[in-house]
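Read the structure below first, then the notes.
Nothing in this text is a laboratory measurement; each read-out follows from the coordinates by a stated rule. No experiment lies behind these values; they were computed from the predicted model shown. Cβ coordinates were reconstructed from backbone atoms using ideal geometry, including for glycine residues, and neighbour counts include every protein chain displayed.
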Amino acid sequence: MKYIPVHVKYSDILNIKYTSLGHLYNEWYNAYLNVTTYPRIMIRLEDIIFHADKVVPQIYDCYGGTWVGGSRTRKEGISLLPFVANRNKGIDKNSPTSGLLGAIIRYGNPTLRRQHYQRMQFEAAKDILDPHLMEMFGYSYEEPY
């Protein structure tokens, strides 16, 4: 299978070419996973977006802080403010579904998020993405249509 290469310029002296975005993903997250010289926490963006009431207090607990907002003290909990979430239109500025809120609506729906992907893209994900990372983050490989 042929992949689209990705070039990342980290600094003036560090420019790395990856075989694909999936290869970059594997290397990036494995580098953080394998750090032993300092503590770190890895949180999936979708957990912050969809489960902030549960995740944010745990982050505070993790480093010994005290959570004073959200569901522990306010009945309404943590909420996403649509006017802030949809302010950034992202790359596709003309699309009504661009921006964070549009992305949540689209990619939070199991049917809509698969809409524009081809069979070979699902196969490439299964071929490229590190199974250990997939399991650790709670992701599964989706079968092509």
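Some observations on this one:
- A simple spin-label model places pseudo-atoms 7 Å from Cα toward Cβ; at Asn15 and His132 they are separated by 3.1 nm.
- Residues His51 and Tyr145, FRET efficiency given R0 of 35 Å [Cβ-Cβ distance, rounded to 0.05]: 0.75
- As a proxy for reagent exposure, Ser140, Ser20 were ordered by neighbouring Cβ count within 10 angstrom, fewest first; the result is Ser140, Ser20.
- Listing Thr111, Thr19 from fewest to most neighbouring C-beta atoms within 10 Å gives Thr111, Thr19.
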